[in-house]
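Chemist: Structure in structure tokens, see below.
The values are calculated or read from the model by the stated rules, or taken from the named source; none is laboratory data. Just so it is clear, the structure is predicted and the values come from calculations on it, not from any experiment. FYI the Cβ positions are ideal-geometry reconstructions off the backbone, even for glycines, and counts take in every protein chain you see. In case anyone asks, the SASA skips ligands and DNA or RNA and just uses the protein heavy atoms, side chains included. Shrake-Rupley method; radii C 1.70, N 1.55, O 1.52, S 1.80 Å.
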Amino acid sequence: MDVGELLRYQPDRGTKRGRDDDPEEVKAERPKKERGGSRNWRREEKEEKVALDDAAGDGDEDDEEVEPLDEGAVKRMILTFEKRSYKNQELRIKFPDNPEKFMESELDLNDIIQEMHVIATIPDQYHLLVELNAVQSLLGLLGHENTDVCIAVVDLLQELTDIDTLHESEEGAQVLIDALVEGQIVALLVQNLERLDESVKEEADGVHNTLAIIENMTEFRPEICSEAAQQGLLQWLLKRLKAKMPFDANKLYCSEILAILLQNNDDTRELLGERDGIDVLLQQLSVFKRHDPSTAEEQEMMENLFDALCSCLMLSSNRERFLKGEGLQLMNLMLREKKMSRCSALKVLDHAMIGPEGTDNCHKFVDILGLRTIFPLFMKSPKKMKKSGVSEKEHEEHVCSILASLLRNLRGQQRTRLINKFTENDSEKVDRLMELYFKYLDAVRAADKRIEGEKHDMVKRGEILDDDLEEEFYLRRLDAGLFLLQLLCYIIAELCNASVPQVRQRVMQILSMRGSSIKILRHVLKEYSESIGDGKNAEFRESEQKRILELMETL
């Protein structure tokens, strides 16, 4: 996969927000994907309470300032926790059928767990939780018979692993995360999730905080994603997504965590495919075929699911599952329905068809009359894209990438059908192709001029242009439209070599009218061939480069 393809796919990590009793009431104008805005929702509640208490006691000068905990105080707190935990366990074993005998010990245990929240304010003391075995004790309580205790532990762990807190003390964070991973925290959390009843508000909050722990840990240490998926989390997420429950904050959060787990992780993508996850994603997305999301939160969930699907399609085995699951038909219908899902469906089609692994999907797309759908989008970019946050350039890039994939992968009669489309209505599609070519040629030239100016100034100042800077400049050129220009040149070259004189003549005529030449096309294609990624093997890179060079020679 080349640099441009990698740049085009950057699935959002998603955000976590506080649970609301009614997601409909969440303000739509809240900035989408805002980092950290809600991960501290419980802390914010506490801060508000403290502020109210302070306001109520402003006139009381006898109030003493609360001193921060020292190491000794933390140790005493952990020792108290261990004693109460042991006492509760002992009484439960002794009086299993007499709750009155152990109820008070359970309340005491819950109280000390609540008090331990203060440790989240001093992450440099986290090592004490590990050294005094409190982490293992807390993990053990995730299997407690009383779900209230489990939820209290989850709440505490969520605050201890808050990503902002973890970054306050790298050393303390590493020690804590190591202990949690070693204690198989994800497997224990998933077991606890299985028994929580989300119709009970406190337990629904427990689910939300559980997902928050996982997001905190995977953000701090991304390599945890693969292990988390293997420990039952992926299966639970898929089950929760397809559960017949009204849309709520937890379903949104599940879609965000799923998108995180699938990022840059082929093992998790393969596992999702094996667990029929492609079908689950397609079923969930099919709702948006004829209906737009009713809230900003539901739209965010839809986009997370599309991102997850795009990520899965990076794996060739999942493209086969997508094809068998009639994913192409669903995306094609979404394009025709002109709903909010259209832009994301276009992105999915792009990922499904790209590269040699997309050949079967390309042929099927023509069979289901997909050319009738894609060419109107090529001829004119939709006006309603702003709602879904997709730029005109992004739209045109996906459409041109799909056309390039079709030209690269189609054979026989289906390829002929595609090329003949460019001869219809006095070659109007060739005119559009050349219009886009000059549009992005001008954009890249403008970017090149700015970059050359910056380089000149840097040389004058005696600064060195190293490889990192050159790569940064190249990425800026791609962002300005270079990758799209390369795709357009590839499409033009394929059409000019397709033995259809009418198309070639029209291309040459327009180039001549604009005072341009075929040499510029050749130069862009040469740079394109040099920038192609290895696509996971050198053979792919070599074959693609050879194909492009052959097209250049016959232009």
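Chemist: Residues in the stretch 463-472: is at least one open to solvent by 90 Å² or more (accessible area, probe 1.4 Å), outside any helix (DSSP H, G or I) and among the hydrophobic types (A, V, I, L, M, F, W, C)? Talk me through it step by step, then tell me what you get.
Modeler: To start, the set of residues in the stretch 463-472 that are open to solvent by 90 Å² or more (accessible area, probe 1.4 Å) comprises 464, 467-468, 471-472.
Narrowing further to those that are outside any helix (DSSP H, G or I): 464.
Within this subset, residues satisfying the condition of being among the hydrophobic types (A, V, I, L, M, F, W, C) are 464.
There is at least one residue in the stretch 463-472 that is open to solvent by 90 Å² or more (accessible area, probe 1.4 Å), outside any helix (DSSP H, G or I) and among the hydrophobic types (A, V, I, L, M, F, W, C).
Chemist: Hey, can you tell me all the residues within the stretch 159-201 that are touching an Asp or Glu at 6+ places or on another chain (Cβ under 6 Å), open to solvent by less than 10 Å² (accessible area, probe 1.4 Å) and without any contact (Cβ under 8 Å) to a residue 60 or more places away in the chain? Outline the logic, then answer.
Modeler: Going residue by residue through the stretch 159-201, those that are touching an Asp or Glu at 6+ places or on another chain (Cβ under 6 Å) are 163, 169, 172, 196-197.
With open to solvent by less than 10 Å² (accessible area, probe 1.4 Å) added as a condition, the list becomes 163, 172.
The answer is Gly172, and nothing else.
One line per residue, one yes/no per condition, for (1) open to solvent by less than 60 Å² (accessible area, probe 1.4 Å); (2) farther than 22 Å from Ile548 by Cβ; (3) modelled with pLDDT of 95 or more:
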| residue | (1), (2), (3) |
| --- | --- |
| Glu326 | no, yes, yes |
| Met385 | yes, yes, no |
| Gly389 | no, yes, no |
| Leu403 | yes, no, yes |
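Chemist: Right, next: Picking from Leu156, Leu142, Leu109, which residue would you name as being farther than 18 Å from Tyr86 by Cα and in contact (Cβ under 8 Å) with a residue 12 or more places away in the chain? Steps first, please.
Modeler: Working: Leu142 fails: farther than 18 Å from Tyr86 by Cα; Leu109 fails: farther than 18 Å from Tyr86 by Cα.
Going through Leu156, Leu142, Leu109 in turn, just one is farther than 18 Å from Tyr86 by Cα and in contact (Cβ under 8 Å) with a residue 12 or more places away in the chain: Leu156.
Chemist: Right, another one. Please state which of the following conditions Phe378 fails to meet, knowing it meets all the rest: (1) without any contact (Cβ under 8 Å) to a residue 24 or more places away in the chain; (2) touching a helix residue (DSSP H, G or I) at 6+ places or on another chain (Cβ under 6 Å); (3) in a helix (DSSP H, G or I); (4) not basic (Lys, Arg).
Modeler: (1)
Chemist: Could you tell me which of the residues Glu428, Glu435 is free of Cβ contacts under 8 Å to residues at least 12 places away in the same chain, farther than 24 Å from Glu326 by Cβ and assigned to a helix (DSSP H, G or I)? Let's see the steps before the verdict.
Modeler: Values: Glu428 fails: free of Cβ contacts under 8 Å to residues at least 12 places away in the same chain.
The conditions single out Glu435.
Chemist: With respect to the numbered conditions (1) crowded, with 19+ Cβ neighbours inside 10 Å; (2) in a helix (DSSP H, G or I), which one is the sole condition not fulfilled by Phe288?
Modeler: Checking Phe288 against (1) crowded, with 19+ Cβ neighbours inside 10 Å; (2) in a helix (DSSP H, G or I), the one that fails is (2).
Chemist: Can you list the helices (runs of 4 or more DSSP H) found entirely within the stretch 96-146 that contain at least 1 residues being more than 19 Å from Leu189 (Cβ to Cβ)? Working first, answer last.
Modeler: Values: elements: 99-115, 126-131, 134-140.
Filter on the stretch 96-146 gives 99-115, 126-131.
Chemist: Would you pick out the residues in the stretch 328-341 that are surrounded by 24 or more Cβ atoms within 10 Å (Cβ to Cβ) and part of a helix (DSSP H, G or I)?
Modeler: Met331, Met334
Chemist: From Glu539, Glu544, Glu527, which residue is of a type outside the set (Gly, Ala, Ser), within 24 Å of Gly355 (Cβ to Cβ), free of Cβ contacts under 8 Å to residues at least 24 places away in the same chain and touching a helix residue (DSSP H, G or I) at 6+ places or on another chain (Cβ under 9 Å)? Outline the logic, then answer.
Modeler: On the way: Glu539 fails: touching a helix residue (DSSP H, G or I) at 6+ places or on another chain (Cβ under 9 Å); Glu527 fails: free of Cβ contacts under 8 Å to residues at least 24 places away in the same chain.
Only one candidate qualifies: Glu544.
Chemist: Could you list, in sequence order, the residues of the stretch 514-540 that are open to solvent by less than 80 Å² (accessible area, probe 1.4 Å), part of a helix (DSSP H, G or I) and more than 13 Å from Ile492 (Cβ to Cβ)?
Modeler: Those that are open to solvent by less than 80 Å² (accessible area, probe 1.4 Å), part of a helix (DSSP H, G or I) and more than 13 Å from Ile492 (Cβ to Cβ): Glu527, Ser529, Ser531, Ala538, Phe540.
Chemist: Go through (1) part of a helix (DSSP H, G or I); (2) open to solvent by less than 30 Å² (accessible area, probe 1.4 Å); (3) modelled with pLDDT of 90 or more one by one and return the number of the condition Leu551 breaks.
Modeler: All conditions pass for Leu551, except number (3).
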